[in-house]
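Accompanying notes for the structure given below.
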Amino acid sequence: MQLALAQKLIDKITQDYNTIADEFTRTRQYAWREFEALKTLINYENTRLDYAESSAEARRADKITILDVGCGNGRLAEIINKIKPVQYTGLDISEKLITNAKQRYPELNFIVSSMLKLPFPEGVFNVVAAIASLQHIPSEQLRLQALTEFHRVTKPAGLLFMTNWNLDQPKLKKYFVNQYDPGDALIPWKNGAGKILAQRYYHGFTLKELNYLLNATGWQIQQQAYSENKRNIVTVAKKTTPPSNLSPSLRLRRTGGLPSKGRRRNFSLPSLEEGRVGDGR
């Protein structure tokens, strides 16, 4: 995909989420069961750092720092805010969604910005969460750029927790389009009356594709699989090596309108066994 077209799609995504922001906030207030898995990881990170520091007392004076990329109306904050000590920052490209997030959680920090150029120095966050957000980035080049930015702002050995909608579902096949890259789709957002308010851009990942993107940007996958009902791909990765410059011959290539199938595995964190399942944002 040409970058000019990718930028037009990003502008469209921004406009679409500004258009549906109030309806989105009204209908997207519950916590997904995947959020509980992130809570488990944060508790693990707290424990890991306690043992890593020579002075546990000094460690407890610090806070785990979390960046919620594509935070939307801030619904992840509802769970994160209950974990102490945590310093939460939410970021989204939609001004109206950030306005809604600030209204819901005025005590927390929310920023309007793009994940392609994060407004933070290197090594700030213990955990970066990208809940149903990378799927809205068009073109392989920009997806690599976003993951490189996640890597840049994460502390050494920090964690990435990511979910992406599994578009390889019978009910979604009709939304794949031919004018963009293979695996790209335009999925309508309808209001309560059934009126289409926006046609949102999505990219449907496979496990193989995510493996390539993460390895190329310096992430070591800890766990990656489909959620229990196959609606989402859930990824846990650790920051390791600096991002690499893979030659074009080593890059993943796909053809056809539908995502090629990766190896299916159910995500194994026990915390995914209960609760409401995510619907892809």
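Kindly list the number of the only condition in (1) closer than 14 Å to ASN126 by Cβ; (2) at pLDDT 85 or above; (3) touching a helix residue (DSSP H, G or I) at 6+ places or on another chain (Cβ under 8 Å) that fails for THR65.
The one condition THR65 does not meet is (3).
Could you tell me which of the residues PHE161, PHE120 is touching a helix residue (DSSP H, G or I) at 6+ places or on another chain (Cβ under 8 Å), in a loop (DSSP other than H, G, I, E, B) and aromatic (Phe, Trp, Tyr)?
None of the other options fit; the residue is PHE120.
Checking the conditions here, which among TYR201, TYR212 is touching a helix residue (DSSP H, G or I) at 6+ places or on another chain (Cβ under 6 Å) and under 20 Å from LEU116 (Cα atoms)?
TYR201
Got a sec? Which of ASN178, ASN191, ASN166 is of a type outside the set (Gly, Ala, Ser) and under 19 Å from the mean Cα position of the chain (by Cα)?
Matching residue, one of ASN178, ASN191, ASN166: ASN166.
When you check GLN103 against the structure, is it closer than 20 Å to GLN7 by Cα and polar (S, T, N, Q), yes or no?
The answer is no for GLN103.
So, in region 89-117, exactly how many residues are in a loop (DSSP other than H, G, I, E, B), modelled with pLDDT of 95 or more, aliphatic (A, V, I, L, M) and buried (at least 18 other Cβ atoms within 10 Å of the Cβ)?
2
The values are calculated or read from the model by the stated rules, or taken from the named source; none is laboratory data. Every value quoted in this text rests on a predicted model; they were computed, and no experiment measured them. With ideal geometry, Cβ positions are generated from the backbone for all residues, glycine too; neighbour counts draw on all protein chains shown.
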